[in-house]
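A.B. asks: Please see the structure below; I have some questions.
Nothing in this text is a laboratory measurement; each read-out follows from the coordinates by a stated rule. Predicted model only: the values in this text are computed from it and were never measured. Here Cβ is always computed from backbone atoms with ideal geometry, including for glycine, and neighbour counts include all displayed protein chains.
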Amino acid sequence: MLLLTLSDAHIPDRSIDLPAKFKKLLSVPDKISQVILLGNCTRSSEFLNFVNQISPNVTIIRGEFDTAFPPIMASSKRANEKVRKDEIPINTIIRQGDFKIGCCSGYTIVPKNDPLSLLTLARQLDVDIMLWGGTHNVEAYTLEGKFFVNPGSCTGAFNTDWPVMGDLSDIDVSEKVDSKREEVMAVDKHALSKNDEKQEVGKAATDRTSEANNSDGVGKVLDDTEGNATNDKNNTKEEEPEITERDIDLSEFDINGSNVPSFCLLDIQGSVCTLYIYIFVNGDVKVDKVVYKKE
Amino acid sequence: MSYSSSLEKAISSIKKQTYLIQRSLNKRDLMSALKYASLMLAELRNPKLPPKQYYEIYTLIFDSLSNLSLYLIDNHPNHHHLADLYELVQYAGNVLPRLYLMITVGASYLQCPNPPRDEILKDMMEMCRAIQNPIRGLFIRYYLSQTTKQILIQKLKDDSDNDSNLEVSMNFNCQYIITNFIEMNKLWVRLQHQGPLRERKQRTKERKELQILVGSQLVALSEIIDDNFTIYKEKVLPVILEQITQCRDVIAQEYLFEILFQVFPDEFHLETLPLLLDAMLHLNPELSHDKLLWSLVERLNVFIVRQNEGLNAVDGMKEDNLFKIFWQFVSKLNEERPDLSLQQTIGLVKSLLNLSLKWYPESVENLDHSYELVLQKYQDLGDDPVPIDSECFLSDLILLKNIDIHEKDRTNTFLKLVSQSDSYRKLLSLQRLPLQQDIINELLDAFTMGFFGTNSEANASKEIINSKVQLEHILSMCEPIIKSRISLLTPKEGNNNITEDEAQDDDEQDETFIILDANQEKLAKFTHVIINSLNNSEILYTVEKQMECLLILKSWYYKGGSNIKYTYPSIITNFWKLIRKSNKLKSRLPKKKSYYDDVIKKLFKHISRCTNDLFNLCGNSYTDAIYKFNLQSASLADQLSLNEISYDFFSQAFTVFEESLSDSKTQFQSLVYMAQTLQKTRSLYKESYYDSLIVRCTLHGSKLLKKQDQCRAVYLCSHLWWATEISILGEEEGVTRNFHRDGKRVLECIQRSLRSADSIMDNVQSCELMIEIFNRCLYYFIHGDESENFLTIKYINGLIELIKTNLKNLRLEGDDEDLMIDTAVQQLSRTNISNSQFVQDIDDTLNPIFMGEDGSYIELSKLKGTPANVSSKISSAKMSNLIRIPIRHYNGTREYVMNQSEIDDRFKVINI
């Protein structure tokens, strides 16, 4: 039983399309039994048509830029009837195998992307697997026996959130707290007590992201002070030709907020859920696999 | 001497005579053999045979005569002398058999040593004049050419050691074949005019079947001439062209030109273009020049492709303006022949495009001149509408259909045409609106595909926009799409376009629906295409130039009226990107800090302008999105420490919220989203911007229409006084000491929200909300430290007691119905025992219901894979089923607390 999760396409507002390699991968009719769109996927008729070809069973969750009701496709013959469909829900629950799967786009989770808040919602919905989106960064971890999956943005769309990682030099240092960074999403060990169940499976993915931005990333962040020092050196050398905008090559990832296109496929067999994470890096698709078993 | 009455009989007769000829020859009885041959040849006199059948018996006879010829050669001069025989056969009774025999003997004689070659050749040619019936005449001349072909080639070889002899020989040979060709052509043309008028069609068909006989003469010529360009140009081509033009026959002219192009080398055509084109000007007016021109161009394109592939550099021909020669031809033709149809002109111009794209791939000018010709023709037509059947030719021409160029080059060419060719754009703009829109759509698709590089990087288009004028041109072309309205009516009723005054209020007033418009979607994607391509531009790569280009896009899209709700978001996105980019550049180029600061401020202003336009043009249908654009811009500004700009955008969002977001559901999710956004800000702490914003946000939350919304909004707003880590800033829970936190305010929010929960009349909702609040308390409890001073364990345990009491009361409410449901379940399970899935899925209720973040009821489906039924109102649910919502939630929370207390002692004090 294959369940596809796509999120934050933002077509056509922020991106043109999925990477062609993703589309090719997903163009296998009758293999995927259900598609879940975790927000910001309803503004493109072309995209929705594509999704409908993957599987007729499509569940849409409302993201911050989705309207309360599903869009009307101008091409559909019944468009002029203006049939009142059900609202696009903020949350829903799907049964699959032995699992109950909760879905949310995440834009009403406060604090955003906070594992404890997500856990609270997972409890409220009484689900084993919690799917969420909105961050444009693929992530998967288990917490308190529950499985949390964020497929990231399937187009690698621009995001106005704080970048997940990047060059610190352009952030106002005065507000910054001096401390050492360890992980992309540090676990609140203190709060979660000795038995720390939270596994950072998404870390592999985000690490790769950092590879994509050659110059920036964790290393760069740590070496920030050095970086500034080299900058200063450059400034003192008067004879060097002045660097202009032309000479600076900024990667698209830096500007988009370090997002690479990604999506997740859940293969559910009874009490076992195998999660496949697809990431598009440097023109290639990379796949990661994580297995979650219901206790 | 008569012929058989049918084809079958003729064939069997020929076979019989062939056998008899062979038998006579075996007996060395030549006279009998000639007699049988003469009988056999009589079959060719049959006037009723159609060309195909005539050809069939001709081939049989040809084979038979070849055998005879071999015998004649072998036995000369031992048993007979061919000179004698040549005289002898002239006494054959009938003219046609006589001529065939003469040619057979003559040709055999010519293959023997030292014959009077020229005399015999001339004599045979002369004799053929006797046959004036077109079909018979064509075949006898074909026979002549077949039998003398090798002899002529041999003649050249014999004379090859002496230049002057060779020239004489060559002249003779060419003259010989040309004479035959001219005569054959005359016969062929005459065939058209034979017989009654009503059989004209039949005649035409027969002529097409016979054309190959005439064409074969040109093939023979090309073989004789080989690479002798001088004789081709001076002696051959002028005569052929004269014959072709003078015969004034459409079929002959079309066919012979075609053959001429095919059989002679393309280099020859290049060198004789003026001759060819001049002759083409003087053809029968009924002839389709466009097809001929296309053939010629295709032929020349083969040449240039070969040149480009080959190592030898392109010779002088390319510099000579080949295109100009062709262009002059087409425009002269257009001038002289005002009767040419639009379709024909299109055909001619297509050839020009085809030529220019291959020979001068860089030239936009040539293409522009080509389209200008169509444009002129189009305008000459005046007010007469273009016939619908010509439209497809026009659109094919505009879209360069059926012209063989690489997909990537096609995209590049489109871009060049649209941005640089006035006549191209003009021609497009003159089309009927729906057609125009179709074409523009295809162009936009081509651009998007080309630049997005759906293929690979290598295939991605390299052509770029290098000036704002070009961008303006492209956008002016897009105007019909920009202004197009999606019509939900059937195409007949709905006018696809809008007039200026309609634009204001034709929009769907239903604010909850958005109609997806594929045209506008393309434009939005096109924004990204343009801006992405600017990064590769030599001139427009800078942030400032890109910003200016975005403003151009913006002002064009603005013409679309309320369509901007589809197109502006892509503009805003690109402004956002430019902001991030400027900020990166600022850090790399410290000297230009103030410049980039200024650019960033401008960009934020433009975004603000966009949201204002959206607000003014799109009405209520789009306010939620406008509100969110403001919030996300605020967030971005905050990340750049631009606290004043951030504050302005937040304020703008509040204004939208207060003035335009009326629907309570929309309000709730908008407000929570604001809380989420505010909670992640860092720059606003100065000047107490942050405090005023979060207080305002929370106040709005507490004033929401529904109490349950108030309750949820306020407990979520409690997080505004409890900052959590932002990794990129190096913040870390438990390490960072100076988080912006105020436990006292958190508690106030929790208490305020608990009051709302308590005041709700619906006990299920009230109870569920208290459990949600309890869970919120657990969130802070886990964070520990200072929160303990406010959300004390005593407070939490008090809350648990309150929840327990409420749950008990709830159970009482539901008891009666519970019983009824249990019986119903039992009955159902009894009747549906076979349906194990169904039975299994009934855990404790029929359809378990849960409550979502926004208080919606989520009714689980019994079927796997089917999404739950989510609704804000629950219509037919049984009380007992609803009661289970808080019960289940409480039990889940209790389980969690108990599990935690096993591994974390702090939880042990929670009295659950």
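A.B. asks: Which listed residue (B:Ser64, B:Ala42, B:Met31) has the Cα farthest towards the positive end of the charge dipole for the range B:1-115, taking +1 on Lys and Arg C-beta and -1 on Asp and Glu C-beta about the Cα centre?
C.D. replies: Looking along the dipole axis, the top candidate is B:Ala42.
A.B. asks: Quick one: dipole size for the range B:1-115, taken about the Cα centre, charges +1 on Lys/Arg Cβ and -1 on Asp/Glu Cβ, in debye to the nearest 20.
C.D. replies: Computed about the Cα centre, the dipole is about 360 debye.
A.B. asks: Kindly provide the helix-only [θ] at 222 nm of chain B, computed as the sum of -39,500 (n - 2.57) over DSSP H runs of four or more divided by all residues, to the nearest 500 deg cm²/dmol?
C.D. replies: -23000 deg cm²/dmol
A.B. asks: Using the Cβ atoms and a cut-off under 9 Å, what net charge is assigned to the surroundings of B:Asn354, where Lys and Arg are +1 and Asp and Glu are -1?
C.D. replies: That works out to 0.
A.B. asks: Looking at chain B from every direction and averaging, what is the projected area of its Cα convex hull in nm²?
C.D. replies: If you wrap the Cα atoms of chain B in a convex hull and average its projections, you get 62.4 nm².
A.B. asks: Run the quick spin-label model on B:Glu286 and B:Glu538: label points 7 Å from Cα toward the beta carbon, then report their separation in nm to one decimal.
C.D. replies: Using points 7 Å along Cα→Cβ, the separation is 5.6 nm.
A.B. asks: Also, quick follow-up: Which lysines, on any chain, are close to B:Lys808 with Cα under 23 Å apart, when same-chain ones fewer than 8 places away are left out?
C.D. replies: B:Lys707, B:Lys794, B:Lys878
A.B. asks: Right, here's the next one. When you have a sec, figure out the Kirkwood radius of the range B:128-213 from all distinct Cα pair distances and drop it here in Å to one decimal?
C.D. replies: 14.5 Å
A.B. asks: Between B:Val305 and B:Cys112, what FRET efficiency comes out of the Förster formula 1/(1 + (r/R0)^6) with R0 = 51 Å and r the beta carbon distance, rounded to 0.05?
C.D. replies: Efficiency at R0 = 51 Å is approximately 0.60.
A.B. asks: Over the range B:607-720, how many percent of alpha carbon pairs lie in each 5 Å bin up to the one with the longest distance?
C.D. replies: 2, 13, 25, 23, 19, 12, 5, 0
A.B. asks: Full extension from B:Val168 to B:Asn78: what is 0.36 nm times the residue separation minus their Cα-Cα distance, to one decimal in nm?
C.D. replies: Contour length minus Cα-Cα distance gives 29.1 nm.
A.B. asks: Another question about this same structure. Would you mind computing, in nm to one decimal, how far apart the modelled labels at A:Ser251 and B:Lys332 are, each placed 7 Å from Cα along Cα→Cβ?
C.D. replies: Going by the 7 Å Cα→Cβ label model, 6.2 nm.
A.B. asks: What nm distance separates the two modelled labels at A:Ile243 and A:Gln269, each placed 7 Å from Cα along Cα→Cβ?
C.D. replies: 5.3 nm
A.B. asks: Which loop trypsin sites (Lys or Arg not before Pro) in the range B:693-795, with loop taken from DSSP, have no more than 16 other Cβ atoms within 10 angstrom of their Cβ?
C.D. replies: B:Lys703, B:Arg737
A.B. asks: Measure nothing but the geometry: give the 0 to 90° angle between the long axis through the Cα atoms of B:763-783 and the longest principal axis through the Cα atoms of chain B, rounded to 10°.
C.D. replies: 90 degrees
A.B. asks: Still on this model: What do you get for GluC sites (Glu not before Pro) in the range B:248-356 restricted to DSSP loop and a cutoff of at most 12 other Cβ within 10 Å of the site's Cβ?
C.D. replies: For GluC sites (Glu not before Pro) across the range B:248-356 that sit outside H, G, I, E and B with at most 12 neighbouring Cβ atoms in 10 Å, the list reads B:Glu286, B:Glu319.
A.B. asks: Cα centroids of the range B:561-597 and the range B:755-802: how far apart, whole angstrom?
C.D. replies: Rounded to whole Å, the Cα centres lie 44 Å apart.
A.B. asks: My understanding is that a pair violates if its Cα-Cα distance is over 29 Å; which of B:Lys522/B:Lys680; B:Lys35/B:Lys157; B:Lys554/B:Lys592; A:Lys294/B:Lys706; B:Lys324/B:Lys483 do that in this structure?
C.D. replies: Long pairs (Cα-Cα over 29 Å): B:Lys522/B:Lys680; B:Lys35/B:Lys157; A:Lys294/B:Lys706; B:Lys324/B:Lys483.
A.B. asks: Report the Cα centroid-to-centroid distance between the range B:71-149 and the range B:209-239 in angstrom, as an integer.
C.D. replies: 23 Å
A.B. asks: Report the percentage of all Cα-Cα pairs in the range B:731-791 whose separation exceeds 16 Å, rounded to a whole percent.
C.D. replies: Distances greater than 16 Å cover 50 percent of the Cα pairs.
A.B. asks: How much length, in nm to one decimal, is gained on full extension between B:Arg45 and B:Lys16, taken as 0.36 nm per residue of separation minus their Cα-Cα distance?
C.D. replies: Length gained, B:Arg45 through B:Lys16: 8.7 nm.
A.B. asks: What is the distance in Å between the Cα centroid of the range A:27-57 and that of the range B:364-418?
C.D. replies: Each part's Cα centre sits 38 Å from the other's.
A.B. asks: Count the net charge of all other residues whose Cβ sits under 10 Å from the Cβ of B:Glu183, scoring Lys and Arg as +1 and Asp and Glu as -1.
C.D. replies: +3
A.B. asks: Another question, if that's okay. Count the net charge of all other residues whose Cβ sits under 15 Å from the Cβ of B:Ile151, scoring Lys and Arg as +1 and Asp and Glu as -1.
C.D. replies: Charge balance near B:Ile151 sits at -1.
A.B. asks: Ok, one more. What length, rounded to one decimal in nm, is gained on full extension from B:Ser664 through to B:Gln262, with 0.36 nm per residue of separation minus their alpha-carbon distance?
C.D. replies: 137.0 nm
A.B. asks: Ok, one more. How big is the charge dipole of chain B about its Cα centre, in debye rounded to the nearest 20, if each Lys and Arg gets +1 on its Cβ and each Asp and Glu gets -1 on its Cβ?
C.D. replies: Computed charge dipole of chain B: roughly 1120 debye.
A.B. asks: Expressed as a fraction of 2.2 N^0.38 Å, the rule-of-thumb size for a compact globular protein of N residues, what is the C-alpha radius of gyration of the range B:1-115?
C.D. replies: Dividing the Cα radius of gyration by 2.2 N^0.38 Å gives 1.04.
A.B. asks: Please identify the trypsin sites (Lys or Arg not before Pro) of the range B:96-193 that satisfy two criteria: DSSP loop assignment and at most 11 other Cβ atoms within 10 Å. Which are they?
C.D. replies: B:Arg129
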